[in-house]
Structure formats: structure tokens, C-alpha cells
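First comes the structure, then the notes that go with it.
The values are calculated or read from the model by the stated rules, or taken from the named source; none is laboratory data. Model, not experiment: these values are computed from the prediction. Note that each Cβ is placed from the backbone with ideal geometry, even for glycine, and that neighbours are counted across all protein chains shown.
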Amino acid sequence: MSKHFKAGGSLFQGGKEIVPAVDGVSLALSEGETLGLVGESGCGKSTLARLILGLERVTEGRIYYQGQEITGLDYTKLCDVRQNIQMVFQDSYASFDPFYTVAGIIGEPLTNFGNNGRSLGNEINSIMERVGLEPAYASRYPHELSGGQLQRVGIARALILYPKLLLCDEPVSSLDFAIKAQILGLLKDLKQQLGLTYLFISHDLSAIRYICDRVAVMYLGKIVEILSMRRLLEDICHPYTTALLAAVPVADPRLRQAERGHIKGEPPRFAGVAGGCRFYFRCPHAIPLCREVEPVLEKVGTAHAVACHLKHELGLGEQLSEVRTGGPGDSGEIYSQERSG
Amino acid sequence: MGGSNNGSNNIPGAVFAQNMWQNFLRDKQAMAGLLIVLLFLAVGLLAPLIAPHDPLQIDLANKLLPPSLSYPLGTDHLGRCELSRLIYATRVSLSNSILVLALILLISIPVGSVSGYAGGAIDNILMRITDILLAFPSLVLSLAIAGLIGPSLAHLLIALAAVLWAGYARIIRGMVLQIKEKEFITAARASGASHFNVVTRHIMLHAMTPIIALAALEVGGIILAISGLCFLGLGAQPPTPEWGVMLNDSRPYIQSDPNLMLYPGLAIFLVVGSFNLVGEGLRKAINPQSGGRMADR
């Protein structure tokens with residue numbers, strides 16, 4: 001059994017300008033795995049999750065769940081899907097109705113699926129226990145809870161239907177470090193206990209490394225590289241992935257290298273990415289071909305796919321080691337060019 | 001997430017409700033208004049108990065009497081007890097204005113929330129209908145409708161509701177538009193809530209407080225409209241005790257007995273004024289930043 005998502009070329013129309021927030025993404029998730037989705041802010045990660053849940057309409061392409069197409073379903077059918085796919089939101093606090101108590105928030109999915117009976121309270125209690133919330137919190141309001149507790153409530157709400165797939169949209173990025181570790185640990189435990197599959201969206205590579213089996217790197221609405229977590233350092237190939245990894249802060253100053261591999265500037269506006277590689281303007285290795293032809297995501301290993309014209313030249317870990325050791329005679333300045341016209 | 005343009009939206013629900021209530025209780029004007037409104041409500045409810053006479057009993061021998069012990073406010077041109085008529089008129093005015101309000105909300109809440117939530121073509125059609133209604137002066141239009149379907153109190157109520165719901169629907173639509181963009185609405189959808197559940201369990205919960213404030217603010221206007229149209233002879237017919245009818249009845253005697261017009265006028269003034277104070281107080285309590293200015297609608 002495989003879960004196969006294809007969110008291809010979904011275009012969001014904002015006024016007259018068409019913004020391809022998610023553009024030609026093809027991703028497959030197999031049961032029981034944790035797929036990380038990483039990328040800069042605004043690259044379309046959350047939109048992808050919303051598409052999968054049917055919260056946004058897919059412009060083009062198809063989404064499959066357990067072999068069945070779930071694109072553009074009507075409400076009743078979508079409900080069956082939503083029973084199996086749930087989401088943990090980045091900002092839990094904003095995702096809770098402030099007039100509801102914790103028990104009301106956690107129980108809402110159940111009541112949506114017709115459970116109003118006596119078992120509702122039991123279900124809420126058992127799920128609260130599972131995510132490590134004291135029963136006393138059941139009657140509290142969201143504003144009375146701390147960030148970590150809120151996130152636990154968010155997880156409890158997502159899990160009370162016992163879904164098979166959990167979409168975690170930056171579940172830990174608003175938390176401080178200690179709490180973040182707790183929540184990640186909780187997610188990891190829950191996955192084992194309940195046999196869950198995660199799509200773990202984050203811009204935080206340390207969280208991704210802790211929890212994920214595979215990681216898909218997204219840039220401006222496209223997947224640029226898919227890597228197996230176990231062979232991350234060996235396989236890493238795309239310059240953007242390298243840059244993301246190099247941007248992870250290192251605690252020990254002696255282990256820090258020069259700011260090589262860091263990319264500068266912000267991603268160009270979506271409207272300006274017609275033709276050519278999207279990363280061209282910020283890529284330290286760009287060649288003229290990159291400007292003309294958009295590279296496609298190609299499989300280069302058993303669990304490794306990359307979209308880059310220079311995948312063989314840049315190949316497989318070599319570049320990273322270069323970054324890690326610091327290349328000779330390089331001032332750290334990298335190629336960065338303002339987009340013209 | 002999502003900039004909210006008014007401060008109260010950032011305050012969590014429970015705290016917000018508590019704060020609002022405290023703000024309201026601390027507002028002396030609103031409290032004075034509430035006191036008068038409650039007084040009138042009590043008078044209306046207890047009318048048969050406190051009215052000294054039958055408001056419909058004609059006694060031509062005792063017409064146009066000055067105030068005395070048995071007729072505290074004197075008698076009108078047919079010898080009916082002025083005070084008793086005022087007391088029963090309170091009942092008529094209050095119950096009918098509340099009825100009109102209920103009718104208005106019954107139409108405008110579904111229309112406004114469907115329009116705001118669904119958007120698109122449905123929104124366009126519904127809002128164009130409200131535009132048409134809002135393009136006419138509401139009193140003139142309800143006058144026309146009431147005149148068309150014939151003068152009676154029930155017809156008047158229908159006419160008023162048929163005209164006044166449009167403004168409400170617009171305001172409710174605006175509130176729904178604002179609330180539906182919140183993250184918790186998305187979350188509710190994601191957890192399997194139907195559109196109906198999202199609107200009834202979440203959006204309406206958040207829209208209710210402003211709607212109540214709005215309603216309190218409007219009751220005064222409705223009472224005034226009912227009395228005004230009754231004065232013109234389009235609503236309650238004599239001998240029904242109603243403030244507008246009483247005003248009309250005593251019109252010929254304005255030279256000799258001006259107090260007969262003064263009493264119902266004063267009653268209208270007091271009730272309308274205090275409903276406005278209450279509504280204004282509620283509005284300020286919900287949205288303290290806006291200060292004492294009237295909401296621009």
C-alpha cells in the first residue's frame with residue numbers, strides 16, 4: 001500500500017498576477033515514514049499541506065491517497081479523507097477558537113464525526129493523557145496555556161480521530177529549544193505507538209534531522225531535492241540544500257566555518273521565475289544553461305532525486321565537504337546577482 | 001497570523017467576555033439607560049396589575065380631565081385614563097419592536113452569514129438585493145409597503161422588517177468576512193467540520209456580541225419608526241393604546257391640553273434614548289478604543 005500525492009502545478013490567482021505558490025510538485029509518501037519538507041519561508045510548504053487536506057483547491061494535478069484520487073472531492077467524501085489525514089498547525093494558539101475550552105477544542109473533530117455521546121469525555125481524556133496533558137487543563141481556555149501545552153493540545157486535536165497521516169505544519173518552530181525537544185520527542189513516540197505517517201513541514205533542519213526518514217527540499221514552489229536522511233551528508237547535491245544545511249547555526253564556535261555556502265538575498269518574486277532554474281539568481285554554481293532550461297527532478301540514487309543541471313559535477317557530498325572544510329583562497333563571497341528585468 | 005484591525009479580536013474569548021461585561025457595568029450612562037429600559041419592560045409586563053383603569057373604557061362625561069387622584073395623568077378626549085393607556089402602550093411598543101427586531105435578525109443573520117461565508121456569485125446577488133433596499137430611505141419604503149398591504153399593526157411590522165434587514169445583513173456579512181479568515185476556522189475545516197458547523201459553532205459565536213450591541217442600538221430606532229408610522233395611521237388603529245396613535249389622537253387638543261401629547265412623546269423619548277444609551281454602552285464595551293463616537297454605519 002502506498003500513499004501517493006501529486007500536487008502538480010497549482011496556480012493561485014491573486015488579482016491579475018498568477019502566483020504559483022506550489023508549482024509542479026510531485027511527492028510520494030509511503031506508510032509509516034516521516035517525510036520532511038524543508039524550505040525558506042514562503043516557498044509553498046504550508047500551501048502544499050493545505051492542498052493535501054483539500055483546504056485549498058488544486059489548480060492542476062492530482063492527489064492520491066491509498067490509491068484513490070482525493071483531488072476536488074465533495075464534502076462528504078472529503079470528510080472520510082479528513083478522518084485519516086489531520087493537521088497540526090504552526091501557530092496553535094491562532095488555530096484554536098478562543099471561546100472554546102481545551103476539552104471543546106480537542107473534542108471538536110469527534111463531534112464533527114457524529115460522536116456526541118458519553119464516550120466523548122473518555123476519548124478526550126485518553127488522548128490528553130497520550131500527549132502528556134494533565135486532565136485539569138480540560139476546562140482551561142487556550143490563552144491560559146503555555147506554548148508547549150498549546151502545541152500538545154494541537155497534537156491531541158489532530159490525533160483524536162486516530163488518523164493515519166499527520167501533516168505537521170511547522171509544529172515546533174514557535175517553541176523554545178527545550179520545549180521543542182519535548183514536542184519532537186512526543187511526536188516520535190506517538191508515531192511509534194499509533195503507527196502514524198508524518199509529513200513534517202519545517203524550515204528548521206535540526207528538527208527535520210531528528211524526526212525524519214526522508215527530506216524533500218522545496219524552493220519557490222518546486223521540490224529541488226529529495227534525500228534519505230541516513231545518507232544526507234553523502235548524497236547532498238543541490239546547491240540550495242547545501243546552503244540550507246550550511247545555514248544551520250553551530251553551537252561550538254570552533255566548529256563554525258566561514259560563511260561559505262550561505263546564500264544571500266531573498267527569493268525572487270514568484271512572478272519572475274518564468275523559464276530557467278528558480279535558484280539561478282542565488283546559486284553559487286550557476287552556468288548559462290541554468291538560465292535557459294529549468295532542471296527537472298531526476299532520480300540519481302535509490303532514495304535520492306535532485307533537480308539540478310550540475311548534479312553530476314556537484315555530486316554527492318563533495319560539495320558539502322568543501323563547504324565544511326572551507327575552500328582555499330576564497331573570501332566567502334558567493335555569487336549573488338540581482339535579477340534584472 | 002492575519003492582522004486584526006480591531007483590538008478586541010486579539011483578546012481571548014473568555015477574558016474578552018469578562019472585560020466587556022466589566023466595561024459595560026462601569027459605564028454610568030449605559031447603566032442609567034439599562035435601568036430605564038428595565039423599568040419600562042417591567043411596566044409593560046405588569047401592565048394589567050399597575051394600570052389604574054381599563055385603557056379602552058370610554059367615559060365621555062369625564063373627558064379631558066386634569067390630573068387627579070383617580071386619574072393621575074388626567075383623561076383623554078374620550079375620557080379614557082391617560083396613564084393606563086400609556087402603560088398598555090408600553091407593552092405594545094416594546095413587544096412589537098422586539099418582534100420586528102427578531103424578524104430582522106431572522107432574515108439578516110442567515111443572509112449575512114451565507115453571503116459573507118460563501119462569497120462569489122451568491123454574495124453578489126444577495127448584496128445587490130440589499131443595495132436596492134438600502135438605496136431607498138427606509139422609513140419611506142416601509143411606509144409604501146405598509147400602505148400597499150393595508151394599515152394594520154401586523155402589516156407594519158412586516159413592512160419594517162422587510163426593509164430594515166438589509167443594513168443588518170451587510171454588517172453581519174462584514175463580520176463574517178473578517179472572522180472566516182482566522183486560522184481557527186481553517187483548523188475547524190481541517191478537523192472535518194461542515195460549512196454549516198463552522199458558521200454556527202464558530203463564526204456566529206464570535207459575531208454574537210457585536211450583533212447584540214447592534215440590536216440594542218437599533219431597538220430605539222424601531223420603536224420610533226413604529227410610533228411614527230402609527231402616528232401616520234398606518235400601524236395600530238384606534239382605540240389600540242399605542243404611543244403614536246395617542247399622539248395622533250391628542251393632536252387636535254394641542255392648544256387646550258398639550259400635556260396629552262407630552263406624555264406619549266416623553267415616553268418615546270425616554271425609551272428610545274435609554275435603548276440608545278445601552279446599545280452605545282455595549283458597543284463601547286466591545287470596542288473600547290473607538291471612544292464615544294457613534295459607529296459610522
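Table: residues versus (1) in the same structural domain as A:Cys290 (by TED's automatic domain parsing); (2) over 30 Å from A:Lys311 (Cβ atoms); (3) polar (S, T, N, Q).
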{"site": "A:Tyr162", "(1), (2), (3)": "no, yes, no"}
{"site": "A:Cys168", "(1), (2), (3)": "no, no, no"}
{"site": "A:Ala178", "(1), (2), (3)": "no, yes, no"}
{"site": "A:Ala207", "(1), (2), (3)": "no, no, no"}
{"site": "A:Glu225", "(1), (2), (3)": "no, no, no"}
{"site": "A:Pro239", "(1), (2), (3)": "yes, no, no"}
{"site": "A:Ala247", "(1), (2), (3)": "yes, no, no"}
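Considering every residue within segment A:125-140, establish whether at least one is within 12 Å of another protein chain (Cβ to nearest Cβ), without any contact (Cβ under 8 Å) to a residue 60 or more places away in the chain and surrounded by fewer than 21 Cβ atoms within 10 Å (Cβ to Cβ). So that I can check it myself, show each step before the final result.
Within segment A:125-140, the subset within 12 Å of another protein chain (Cβ to nearest Cβ) is A:139-140.
Filter again for without any contact (Cβ under 8 Å) to a residue 60 or more places away in the chain, leaving A:139-140.
If we keep only those that are surrounded by fewer than 21 Cβ atoms within 10 Å (Cβ to Cβ) as well, we get A:139-140.
The answer is yes; a qualifying residue exists.
Is it true that A:Leu120 is within 21 Å of A:Cys79 (Cα to Cα), out of contact with any His (no Cβ under 6 Å at 6 or more places or on another chain), surrounded by fewer than 21 Cβ atoms within 10 Å (Cβ to Cβ) and in the same structural domain as A:Cys79 (by TED's automatic domain parsing)?
It is true that A:Leu120 is within 21 Å of A:Cys79 (Cα to Cα), out of contact with any His (no Cβ under 6 Å at 6 or more places or on another chain), surrounded by fewer than 21 Cβ atoms within 10 Å (Cβ to Cβ) and in the same structural domain as A:Cys79 (by TED's automatic domain parsing).
Where in segment A:41-124 are there helices (runs of 4 or more DSSP H), lying wholly inside it, with at least 1 residues that are at pLDDT 80 or above and more than 10 Å from chain B (Cβ to nearest Cβ)?
Values: elements: A:45-53, A:75-84, A:92-95, A:102-112.
Qualifying helices (runs of 4 or more DSSP H): A:45-53, A:75-84, A:102-112.
Set side by side, the residues B:Ile132, B:Ile158, B:Ile203, B:Ile122 differ, and just one is within 14 Å of chain A (Cβ to nearest Cβ) and on the phi < 0 side of the Ramachandran plot, which is B:Ile203.
The rows are residues; the columns are (1) in contact with a helix residue (DSSP H, G or I) (Cβ under 9 Å, 6 or more places away or on another chain); (2) among the aliphatic types (A, V, I, L, M).
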| position | (1), (2) |
| --- | --- |
| A:Ser126 | no, no |
| A:Leu133 | yes, yes |
| A:Gln149 | yes, no |
| A:Pro163 | yes, no |
| A:Leu167 | yes, yes |
| A:Glu170 | yes, no |
| A:Ser174 | yes, no |
| A:Leu194 | yes, yes |
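Looking across A:Leu37, A:Leu11, one residue alone is outside the structural domain of A:Phe279 (by TED's automatic domain parsing) and either modelled with pLDDT of 75 or more or in a loop (DSSP other than H, G, I, E, B) (or both). It is A:Leu37. Evaluated against (1) more than 18 Å from B:Val43 (Cβ to Cβ); (2) of a type outside the set (A, V, I, L, M); (3) surrounded by 24 or more Cβ atoms within 10 Å (Cβ to Cβ), B:Arg251 falls short on exactly one condition, (3).
Would you kindly identify the helices (runs of 4 or more DSSP H) lying entirely within segment B:68-186 that contain at least 2 residues that are within 30 Å of B:Asn259 (Cα to Cα)?
Numbers: elements: B:82-118, B:120-135, B:138-149, B:153-180.
Because the criterion is at least 2 residues that are within 30 Å of B:Asn259 (Cα to Cα), the helices (runs of 4 or more DSSP H) in segment B:68-186 that meet it are B:82-118, B:138-149, B:153-180.
In a residue-by-residue description of segment B:195-205, the property of being buried (at least 22 other Cβ atoms within 10 Å of the Cβ), under 22 Å from B:Phe136 (Cβ atoms) and either touching a residue at least 60 places away in the same chain (Cβ under 8 Å) or touching a strand residue (DSSP E or B) at 6+ places or on another chain (Cβ under 7 Å) (or both) applies to no position.
Can you name every residue in segment B:93-115 that is of a type in the set (A, V, I, L, M) and surrounded by 23 or more Cβ atoms within 10 Å (Cβ to Cβ)? Before the answer, list the steps.
Of all residues in segment B:93-115, those of a type in the set (A, V, I, L, M) come to B:94, B:98-107, B:109, B:111, B:114.
Result: B:Val100, B:Ile104.
Scanning segment B:36-66 for residues that are in contact (Cβ under 8 Å) with a residue 60 or more places away in the chain and not in a loop (DSSP other than H, G, I, E, B) turns up B:Ile36, B:Val37, B:Phe40. Scoring B:Ser191 on the criteria (1) touching a residue at least 24 places away in the same chain (Cβ under 8 Å); (2) within 14 Å of chain A (Cβ to nearest Cβ); (3) of a type outside the set (D, E, K, R) leaves a single failure, condition (1). Taken as a whole, the structure leaves A:Tyr137 outside the set of residues that are within 25 Å of the chain's Cα centre (by Cα) and in a helix (DSSP H, G or I).
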